[in-house]
1. If you check A:Asp47 against the conditions, is it assigned by TED's automatic domain parsing to the domain that holds A:Gly164, at pLDDT 90 or above and surrounded by fewer than 16 Cβ atoms within 10 Å (Cβ to Cβ)?
2. So, in segment A:105-146, how many residues would count as being in a loop (DSSP other than H, G, I, E, B), open to solvent by 30 Å² or more (accessible area, probe 1.4 Å) and touching a strand residue (DSSP E or B) at 6+ places or on another chain (Cβ under 9 Å)?
3. Please pick out the residue among B:Leu95, B:Leu114 that is in contact (Cβ under 8 Å) with a residue 24 or more places away in the chain, within 7 Å of chain A (Cβ to nearest Cβ) and of a type in the set (A, V, I, L, M).
4. Identify, please: which residue in segment A:367-389 is more than 10 Å from every other protein chain (Cβ to nearest Cβ) and over 20 Å from B:Val172 (Cβ atoms) and is, among those, surrounded by the fewest Cβ atoms within 10 Å (Cβ to Cβ)?
5. Which condition from (1) surrounded by 22 or more Cβ atoms within 10 Å (Cβ to Cβ); (2) under 22 Å from A:Val117 (Cβ atoms); (3) touching a helix residue (DSSP H, G or I) at 6+ places or on another chain (Cβ under 7 Å) is the one that A:Gln212 breaks?
6. Picking from B:Gln206, B:Gln225, B:Gln162, B:Gln153, which residue would you name as being within 16 Å of B:Ser261 (Cα to Cα) and at pLDDT 95 or above?
7. Kindly check whether there is at least one residue in segment B:310-317 that is without any contact (Cβ under 8 Å) to a residue 12 or more places away in the chain and charged (D, E, K, R).
8. If we scan segment B:291-306, do we find a residue that is in contact with a strand residue (DSSP E or B) (Cβ under 7 Å, 6 or more places away or on another chain) and in the same structural domain as B:Pro208 (by TED's automatic domain parsing)?
Amino acid sequence: MPSDGSSNRLANSRRQFLRAATLGSAATVLRPTRLVGQQNLGRSLGDGVGGYGGRSHFEETVRRLRASRYPQAAGSLTPLQDLYGTITPSALHFERHHAGIPDIDPSEHRLLIDGLVDRPLVFTMDELRRLPAVTRVYFIECSGNGRVKWAPAEPDTDVQAAFGMTSCSEWTGVPLSVLLSAVGIRNKAQWIVAEGADACRMTRSVPLVKAQDDILVAYGQNGEALRPAQGYPLRLVIPGWEGNISIKWLRRLHVVDQPYLTREETAKYTDLMPDGKSRQFTFAMDAKSVITRPSGGDRLDGSGFYQVSGLAWSGRGRVRGVEISTDGGESWVGAQLQQPVLPFAHTRFRYDWSWDGSEKILASRCIDEAGEVQPTRSALIAVRGTHSSYHNNAIQGWRVRSTGRVENVDV
Amino acid sequence: MCRSALPVIIVAGILELCPIVDAASGQAEGVGQPATTAEVEAWGSIVGPDGTGLPPGGSTATEGRLLYDRQCAACHGLTGQEGPDPRLAGGVGSLGGEEPSKTVGSYWPAATTLWDYVNRAMPFNRPGSLAVDDVYAVVAYVLYLNGLVGENQLIDGDTLPQIEMPNRDGFVPDPRPDLANTSFQTAWGDPNLQGVWSYATITPLQRPVHLEGRTFLSDEEVAAQNRDSAIRATSERRNGLTPERDLSLAYNQVWWDRGDSTGRTSLIVDPSDGRLPGLTPEGRRRQEAQEVARREHPYDSWEDRPLQERCMTYQRVPPVPSGYSNTYQILQVPGFVVILNEMIHDVRIVPLGDRPKVSERVRQWNGDSRGRWEGKTLVVETSHYRGQTTWRGFPGSSNLKAVERFTRVDPGRIHYRYTIYDETIYTRPFTVELPLVSPPEYVVYEYACHEGNYSIANVLAGARVQERSVRSGVSADLKD
């Protein structure tokens with residue numbers, strides 16, 4: 001219909017106009033359009049108050065799906081290039097499901113803790129919320145985050161595609177140690193098999209030592225209940241470790257004497273080395289960082305000042321420092337870290353940069369408090385080969401062409 | 001002397017080290033319902049590598065063939081090798097080659113994993129739909145496709161865990177960190193020493209007599225020293241003190257920043273006895289003169305007061321650790337290294353390269369420093385000290401020379417040594433090794449030395465009052 005078509009065109013042109021007028025989308029040319037007196041000279045009342053708030057309809061960034069045969073056994077990627085600060089909005093937290101997202105009524109959900117315990121117990125959600133709770137900011141990163149199979153850099157790969165399987169939330173829940181003291185751990189106990197309530201009943205073996213240290217049984221994410229895609233109503237959050245082990249839709253903790261060699265810690269999430277041996281129980285995520293702004297797909301609007309910004313994190317504690325290179329890794333200089341720097345959390349770094357208009361290669365490297373320095377792709381491959389699918393923490397480069405175009409490149 | 005900024009970050013750091021809750025407090029008692037056997041069974045089985053959790057039942061590959069063809073082959077292929085979804089068979093011997101094929105037969109370390117996974121997750125679109133015997137049958141068939149069991153071999157809770165999978169020894173523990181760290185460089189190519197560094201340690205300068213002949217402490221001794229030091233720094237030990245005595249101690253653990261043991265018995269690493277070398281006759285003469293002056297003319301002039309009391313400098317460059325403010329901030333720009341010491345905020349600007357020294361006639365409390373790179377090591381030579389610069393109660397001379405060596409060995413650590421040459425005072429040079437580490441979020445604090453602003457005049461005025469009192473025969477013991 002003509003009226004529908006014209007109103008759509010109107011809405012689209014207004015949207016385009018305003019996007020160009022603000023510094024909103026990093027993927028567009030960052031050129032402000034001069035507006036005299038701004039819009040809305042004749043002012044009208046805006047919307048009234050509402051129930052569950054949504055974002056401005058001018059904001060369009062979304063997760064992007066990873067190619068997969070089945071949407072239920074797939075992943076979606078966080079648009080890191082469009083985020084500020086360190087917390088990932090719950091609606092943009094990356095996803096990795098192996099059998100879809102279950103639809104769980106929290107009033108019917110139970111957590112069983114059994115096995116090598118003195119008092120096997122079943123908890124309702126209400127009972128779990130009666131227990132002492134803590135709130136912590138932790139990242140969760142899929143150990144497969146990074147370019148598939150160590151492939152050389154494709155110029156058009158952006159940060160969302162290359163790094164989008166990491167997200168950071170404020171989690172609230174019961175320390176697992178509290179639950180373990182409630183059931184009483186027996187002497188022979190060494191591991192806990194955690195089981196999810198998704199269709200595939202995802203299981204992983206968790207070392208008891210970590211369980212008694214800092215693991216959360218979480219029901220809260222960024223101030224509200226977990227999102228269904230993040231394990232509603234209950235999940236493990238295991239700080240610093242590969243995301244797969246933070247079992248979502250948690251229904252059972254089975255205390256045992258040895259790792260149970262579940263499919264996810266044998267066939268998957270093990271790292272095949274050049275000698276044919278595989279590393280197993282490679283839990284911690286290595287020191288990692290990436291520049292998110294500017295990043296692949298952006299186009300800089302001429303020489304001049306650009307603040308470079310990105311995220312750094314480590315599964316071994318706090319980020320100690322981030323260094324920036326503008327010459328493809330030939331030289332490095334320190335970046336500013338947004339305080340507070342929290343352990344096992346995304347850390348925002350910033351670096352003031354004046355672009356002279358010539359071709360540059362931007363890169364960042366993370367140094368964590370364990371002393372680990374983020375390596376180059378070639379250094380990683382020299383030790384680990386290219387047959388492992390996980391734990392690729394290689395330095396990411398962005399080539400800034402003299403045209404302003406930003407491309408993915410290896411350093 | 002005191003630092004005026006509360007070390008909030010240190011306090012926060014201590015809190016962060018505490019366990020996330022008091023796990024042993026039993027707070028969860030009475031919450032949660034005891035699980036009945038029926039409930040535990042209803043949750044389903046979890047199968048371990050020794051067969052724990054395998055239910056009664058069993059089957060054979062022959063029985064599994066039709067089931068596999070109908071329920072599994074569409075995704076995994078009729079022989080388990082066609083795909084498109086994960087290959088289940090073949091690939092043995094391929095793992096160390098160019099194109100490794102990770103299948104149940106070539107890769108999975110335990111046959112029990114297959115039962116557990118099929119039972120909980122397969123078929124993909126109807127997980128949990130297979131009866132127990134059907135799971136045994138499909139498992140038997142997949143193992144048969146890999147040549148690991150016979151066609152009619154019974155697979156059950158006893159036989160399954162005993163199947164020796166080809167890759168059962170193919171897994172190793174996590175060896176990370178497994179990469180050599182990249183060295184640090186500044187933007188202009190110099191080794192990067194920048195950061196805030198602590199040289200705090202409780203290890204004494206000189207080896208205590210009772211540790212004679214020993215260079216290192218045992219791990220147990222180090223732990224004991226660190227524990228004792230931590231206890232000494234806490235306020236708990238002050239519980240028994242009167243308020244007056246407590247106040248007179250002035251500092252509590254908010255201020256102390258003494259560090260831990262280095263593991264050595266002394267900071268002096270050369271001479272090998274860990275002790276300062278002997279004094280020359282001139283050295284002894286100067287030390288005696290210094291002691292006499294301190295005893296007989298302690299308050300004649302501000303010049304008789306110690307340098308740190310006058311907020312001139314704490315204890316000369318390079319330092320020896322004390323109770324607090326054992327902190328360097330190192331900054332670099334092309335051609336210069338700047339070393340800020342938190343104590344009294346002494347700053348050394350160290351030119352690099354061949355820049356000539358100041359004139360012999362220019363003498364400074366902390367000398368004149370020049371630096372150079374020897375590979376990745378920053379070497380700083382300092383001379384042109386004033387002869388009056390004392391050091392931990394020992395005299396110095398204008399012939400003093402210090403050579404410091406800084407080498408960054410990892411992101412959080414600099415190897416730091418210095419050698420003191422002063423042939424006027426000592427019979428030989430000596431070398432000190434200090435820790436230099438950068439704990440997370442370590443910062444420099446403001447340092448406010450108030451004695452230099454206000455107290456010296458009062459100290460001297462008090463001494464004059466005391467002298468007049470003595471002359472007039474009135475007792476005025478200032479010490480109270």
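1. No; evaluated as a whole, the condition is false for this residue.
2. Qualifying residue count, segment A:105-146: 6.
3. After applying the criteria, what remains is B:Leu95.
4. A:Ser378
5. With (1) surrounded by 22 or more Cβ atoms within 10 Å (Cβ to Cβ); (2) under 22 Å from A:Val117 (Cβ atoms); (3) touching a helix residue (DSSP H, G or I) at 6+ places or on another chain (Cβ under 7 Å) applied to A:Gln212, the lone miss is (1).
6. It is B:Gln206.
7. If we filter segment B:310-317 for residues that are without any contact (Cβ under 8 Å) to a residue 12 or more places away in the chain, which is where we start, we get none.
No, that holds for no residue.
8. Looking for residues that are in contact with a strand residue (DSSP E or B) (Cβ under 7 Å, 6 or more places away or on another chain) and in the same structural domain as B:Pro208 (by TED's automatic domain parsing), one finds none in segment B:291-306, hence no.
The values are calculated or read from the model by the stated rules, or taken from the named source; none is laboratory data. From a predicted model like this one, the values you see are computed outputs, not experimental measurements. Reconstructed Cβ throughout: ideal geometry from the backbone, glycine too, with neighbour counts over all protein chains shown. Protein only, heavy atoms only, side chains kept; ligands, DNA and RNA dropped before computing areas. Shrake-Rupley method; radii C 1.70, N 1.55, O 1.52, S 1.80 Å.
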